[in-house]
Amino acid sequence: MLVFKGQTAEKVIYMAKKVVLSCEKCGSRNYSVPKKDGATERLELKKFCSHCNEHTTHKQTL
């Protein structure tokens, strides 16, 4: 929970945790995306890798 100076209890901002995605083929870390609160598994998405110049699987890093 993040409360800014001068805000009341009704105006509270919840910030999503960001995770870094790395390309499975070349290993470069290209993307950072917000992770949902209830997710327990590691995130895995098909994204475009500018180093490989193609769409590859990107997995969540530690």
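Every read-out reported here was derived from the displayed coordinates using simple, explicitly stated rules and does not represent laboratory data. All of these numbers come straight from a predicted model, not from anything done at the bench. A quick note on method: Cβ atoms are made from the backbone with ideal geometry, for glycine too, and the neighbour counts reach across all protein chains shown.
Quick check: residue separation of residue 62 and residue 26 times 0.36 nm, minus the Cα distance between them. What number comes out in nm? Kindly include the intermediate steps, with their values, before the conclusion.
Working: separation 36, 0.36 × 36 = 12.96 nm, distance 1.68 nm.
Length gained between residue 62 and residue 26: 11.3 nm.
Report the label-to-label distance for residue 53 and residue 41 in nanometres (one decimal), using points 7 Å from each Cα along the Cα→Cβ vector.
3.4
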